[in-house]
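Every number here is computed from the coordinates shown, using simple stated rules; none is lab data. What you see is a predicted model, and the numbers here were worked out from it, not measured in a lab. Virtual Cβ from ideal backbone geometry, glycine too; neighbours counted across all protein chains shown.
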Amino acid sequence: MKSPSQRTLRIVVVNTVPDSGAGAQALDAQARRNTALRIGLLESGYDIVASLPADIFLPERIGQIQPDMIIIDSESDARDVLEHIVIATRDERRPIVLFTEDQNPSSVDAAIAAGVSAYIVDGLQAERVKPVLDVAMARFKREQKLLDELSDTRRQLADRKLIERAKGVLMARNRLSEEEAYQRLRSMAMNKKLKLAEIAQRILDVEDLL
C-alpha cells in the first residue's frame, strides 16, 4: 500500500454551518470561499473524498473515511469545529489546515492547541491552496517525527527502569553481581526469544505474586 506521500492525498473538507440568521451577502461570501477552495484542490490534483458539516457526527464520519488531511473552512470563530476535530483525531493524528478570517490571538492559540498544522487568515484563494497544503504537510511530518522520537525515548527509559529493577530482583534472590544478573537476563531473553524489557517485566510480575 502506498504511503500518503506516494499517492494523491485524500482530503476531507469541513465547512462551518452558516448561522441561521446570516444574510444573503454572508451566504454569498461563504459560497465563494467554498468554490475557491474546491477549485484550488481540484487544480492541484487533490482528491476531495467528502465535504462535511461541522456537527456532532463529524468525529464518527472522519473515523469512517480515514482521510490523509482535514481542511476546515471557517469564516469566523472555529472553536466549536476544533472541538469535534480534536475528538476525531485523538487516536490518529492528521494534518489539519484552517482557512479563516478570524485574527483573534486566542483563536490562533486554540487552533494550535487543537493540533492545527496551518492557520491561514484571509488567504483562501485558489492559487494559494497547494503551497499552503504542501507546507502544512511538511510541518506535520516534522512534528510527527519529533513526537515519535520523544515516544521512543520515553519507552527506552521505561524499559531501562524495568531492566534495572529485574536485575535487582535477580541479584537479591540469587546472590549475583550486577553483571551476572544482566547476563542471566540476556540468556533468559534469548531462550524465550523475548526482548530484555519483556523478560524483565515477567520477572517483576512473578516477584509481585510472591
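Per residue, what volume in Å³ does the convex hull of the Cα atoms of the chain enclose?
177
Cα centroid distance between segment 64-124 and segment 134-182, in Å?
Their Cα centres are 33 Å away from one another.
Which one of ALA136, ILE112, LEU157 is farthest out on the positive end of the charge dipole of segment 66-195, using unit charges on Cβ (Lys, Arg +1; Asp, Glu -1) and the Cα centre as origin?
Projecting each Cα onto the dipole axis, the largest value belongs to LEU157.
Please compute the net charge surrounding LEU157, taking Lys and Arg as +1 and Asp and Glu as -1 over other residues with Cβ under 14 Å from its Cβ.
Taking every other residue near LEU157 into account, the sum is +1.
Would you work out which of ALA88, GLN201, PHE99 lies farthest towards the positive end of the dipole of the chain? Charges go on Cβ: Lys and Arg +1, Asp and Glu -1.
GLN201
Name the trypsin sites (Lys or Arg not before Pro) in segment 67-113 that are in a loop by DSSP and that have at most 16 other C-beta atoms within 10 Å, would you?
Qualifying residues, ordered by number: ARG90, ARG93.
Do you know the Lys pair count in the chain for C-alpha distances under 24 Å, with sequence separation 8 or more or different chains?
Lysine pair count for the chain: 11.
Given the Cα-Cα distance of GLU207 and MET171 and 0.36 nm per residue of separation, how much length would full extension add, in nm?
That pair, GLU207 and MET171, stretches by 11.7 nm at full extension.
Taking the Cα centre as origin and putting +1 on Lys and Arg beta-carbons and -1 on Asp and Glu beta-carbons, what dipole magnitude results for the chain, to the nearest 20 debye?
In total the dipole reaches around 1420 debye.
Please compute the contact order of the chain in relative form: average sequence separation of alpha-carbon pairs under 8 Å and at least six residues apart, divided by the residue count, as a percent.
17
Given segment 99-210, report the % of alpha carbon pairs whose separation exceeds 18 Å.
When all Cα pairs of segment 99-210 are counted, 66 percent exceed 18 Å.
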